[in-house]
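Asker: Can you read through this structure? Questions will come right after.
The values are calculated or read from the model by the stated rules, or taken from the named source; none is laboratory data. These numbers come from a predicted model, not from an experiment. Counting neighbours? That spans all protein chains shown, and the Cβs are built from the backbone with ideal geometry, glycine included. Remember, those area values only see protein heavy atoms, side chains included, never the ligands or the DNA or RNA. Shrake-Rupley method; radii C 1.70, N 1.55, O 1.52, S 1.80 Å.
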Amino acid sequence: MNADALPATVRIVLVDDHPVVRAGLRALVEGQPDLEVVGEAATPDEAVRAATLERPDVVLMDLSLGDGPGGATGGVQATARVRALDPAPHVLVLTTYDTEADVLRVLDAGATGYLLKDAPPRELFDGIRATARGETVLAPTVARMLVRRAASPAPAVTEREVEVLELLAQGLGNREMARRLLVSEATVKSHLSHVYAKLGVDTRAGAVAAAIERRVIRP
């Protein structure tokens with residue numbers, strides 16, 4: 001499949017719930033003659049509205065949009081909704097998080113690329129241009145993680161098992177996890193058994209520690 005043609009000026013919508021971060025990104029990005037910020041957003045609803053009104057080439061998306069520790073649902077939700085638009089802009093994630101759960105969720109939601117906020121400016125600029133062309137852009141650590149995951153002979157932790165691990169890290173018991181996940185306690189116990197086997201542990205604390213160490217979930 002051919003890549004998209006790069007427009008003369010790449011139109012960008014910034015999505016981040018910190019005004020200071022957006023201001024810094026705007027100043028940085030607009031220092032490039034071929035990049036233009038046409039809108040800003042702090043929430044998923046604002047992101048969809050800005051993408052609909054401004055019809056950008058690229059939405060630069062943070063993952064945590066006010067949902068606090070323990071999840072990146074705001075950025076994932078916004079990505080899925082933006083990619084469902086017609087026409088749909090490409091989404092380049094720019095975040096501080098590089099756990100397996102975060103990466104897989106937002107790529108599954110339709111993100112074209114994934115960069116970290118400690119990336120050098122040139123890497124960000126080149127990433128925006130590549131994303132506008134429809135090319136996949138990945139931070140080196142993210143690319144290595146995906147390669148390791150693909151090459152690993154061990155069974156990968158599933159999306160539902162990641163959810164169980166995240167709830168486990170919050171200190172929830174089986175009954176509360178079952179309520180949160182809308183499943184039975186027996187199903188939760190089954191998930192835990194699979195998680196223990198995949199991570200090579202035999203306790204709840206061990207599972208959380210191993211998941212954080214392997215960057216399956218956030219600390």
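Asker: Could you tell me whether region 116-124 includes any residue that is without any contact (Cβ under 8 Å) to a residue 40 or more places away in the chain and acidic (D, E)?
Answerer: Scanning region 116-124, I find at least one residue that is without any contact (Cβ under 8 Å) to a residue 40 or more places away in the chain and acidic (D, E), so the answer is yes.
Asker: What number of residues within region 1-46 are assigned to a loop (DSSP other than H, G, I, E, B) and either under 23 Å from A80 (Cβ atoms) or of a type outside the set (S, T, N, Q) (or both)?
Answerer: Residues in region 1-46 being assigned to a loop (DSSP other than H, G, I, E, B) and either under 23 Å from A80 (Cβ atoms) or of a type outside the set (S, T, N, Q) (or both): 16 in total.
Asker: Now for a different question. Going residue by residue through region 40-62, is there one that turns out to be among the charged types (D, E, K, R), in contact (Cβ under 8 Å) with a residue 24 or more places away in the chain and under 20 Å from R160 (Cβ atoms)?
Answerer: Scanning region 40-62 turns up no residue that is among the charged types (D, E, K, R), in contact (Cβ under 8 Å) with a residue 24 or more places away in the chain and under 20 Å from R160 (Cβ atoms).
Asker: Kindly indicate whether any position in region 185-196 is part of a loop (DSSP other than H, G, I, E, B) and either within 23 Å of the chain's Cα centre (by Cα) or free of Cβ contacts under 8 Å to residues at least 24 places away in the same chain (or both).
Answerer: no
Asker: Taking region 1-25 as the region of interest, how many residues are open to solvent by less than 70 Å² (accessible area, probe 1.4 Å) and either closer than 21 Å to A78 by Cβ or without any contact (Cβ under 8 Å) to a residue 12 or more places away in the chain (or both)?
Answerer: Residues that pass the stated criteria total 12.
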